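S.K.: Below are the structure tokens for one structure; questions will follow.
Just so it is clear, none of the values below were taken in a lab; they were calculated from the coordinates. All values reported here derive from a predicted model rather than from experimental measurement. All Cβ positions, glycine included, derive from the backbone under ideal geometry; neighbour counts span all protein chains shown.
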Amino acid sequence: MKGLIQRVSHARVDVAGESVGAIDRGLLLLLGIEARDTAEGADKLLHKVLNYRVFPDKSGRMNCNLQQAGGGLLVVSQFTLVAETGRGLRPSFSRGASPGQAETLYNHFVAQARIRFAPVACGVFAEDMQITLVNDGPVTFLLETG
């Protein structure tokens, strides 16, 4: 499982011109799910997302996590994160989870996030989404499990 986190001043996801999820300061998480991923791996990644220290402390150093800094978490599924891009000029998605498996793990991730943290907003699985964000820093990290 791969999670691309971006520290944001604000972020919003729209489907068909309507806002379906938005946060002010916090983290935008683009979540890619591979065929080998499990609920346990999703829980590990969630722990890492919530505790990864990417927000500044009083000295301006990245020593605070999302929970310490306050703000929101916006979770958006993005299967293109798990594409194989090492060869050729067209991505291969053979590592990706089937749509059913990916949706189950995505829903598990979002449900667990809402149990452990608030506020949590999300996109709509398997929809064409438009994301608007202001990357703060910019600060972007690729987190992986397994």
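S.K.: Apply the a/c threshold of 1.5 to the C-alpha gyration tensor of segment 1-81 and tell me whether it is rounded, prolate or oblate.
M.R.: It is oblate, given that a/c is not under 1.5 and a/b is not larger than b/c.
S.K.: If the reach is capped at under 12 angstrom between alpha carbons, list the aspartates and glutamates near Lys48, excluding any in the same chain fewer than eight residues apart.
M.R.: Straight-line reach from Lys48, under 12 Å: Glu144.
S.K.: Let me ask something else. Can you put Lys58, Lys44, Lys2 in order, fewest other beta carbons within 10 Å first?
M.R.: Lys58, Lys44, Lys2
S.K.: Under the rule of -39500 (n - 2.57) per DSSP H run of 4 or more residues, summed and divided by the residues of the chain, what mean residue ellipticity at 222 nm is obtained, to the nearest 500 deg cm²/dmol?
M.R.: -7500 deg cm²/dmol
S.K.: Within segment 36-139, which GluC sites (Glu not before Pro) sit in a loop by DSSP and count at most 14 neighbouring Cβ atoms inside 10 Å?
M.R.: Glu127
S.K.: What aspartates and glutamates could a cross-link reach from Lys58, if we take a straight Cα to Cα line under 18 Å and drop same-chain neighbours fewer than 8 places away?
M.R.: Once the sequence-local aspartates and glutamates are set aside, what remains near Lys58 is Asp136.
S.K.: Let me ask something else about it. Could you please state, rounded to a whole Å, how far the C-alpha centre of segment 33-47 is from the C-alpha centre of segment 71-124?
M.R.: For segment 33-47 versus segment 71-124, the Cα centre distance is 10 Å.
S.K.: Below 8 Å, C-alpha to C-alpha, sequence gap of six or more: please give me the relative contact order for segment 2-144 in percent.
M.R.: Taking the mean separation of contacting Cα pairs over the length of segment 2-144, I get 39 percent.
S.K.: Using the number of other C-beta atoms within 10 angstrom as an exposure proxy, rank Met1, Met129 with the fewest first.
M.R.: Met129, Met1
S.K.: Taking the Cβ of each residue in Ile33, Ile115, Ile131 as the centre, tally the other Cβ atoms inside 10 Å and list the residues starting with the fewest.
M.R.: By the 10 Å Cβ count, ascending, the order reads Ile115, Ile131, Ile33.
S.K.: Grab the Cα-Cα distance for Asn65 and Ala16, subtract it from 0.36 nm times how many residues apart they are, and report the gain in nm with one decimal.
M.R.: Length difference between fully extended and current span is 14.4 nm.
S.K.: Report the residue, chosen from Gly96, Gly60, Gly123, that carries the largest GNM mean-square fluctuation when the chain is represented by alpha-carbon nodes joined by springs under 10 Å.
M.R.: Gly60
S.K.: Further question: Please give me the summed charge of the neighbours of Pro99: other residues whose Cβ is under 15 Å from its Cβ, Lys and Arg +1, Asp and Glu -1.
M.R.: -4
S.K.: Nearest-5 percent of antiparallel DSSP beta bridges in segment 1-96?
M.R.: DSSP beta bridges in segment 1-96 are roughly 75 percent antiparallel.
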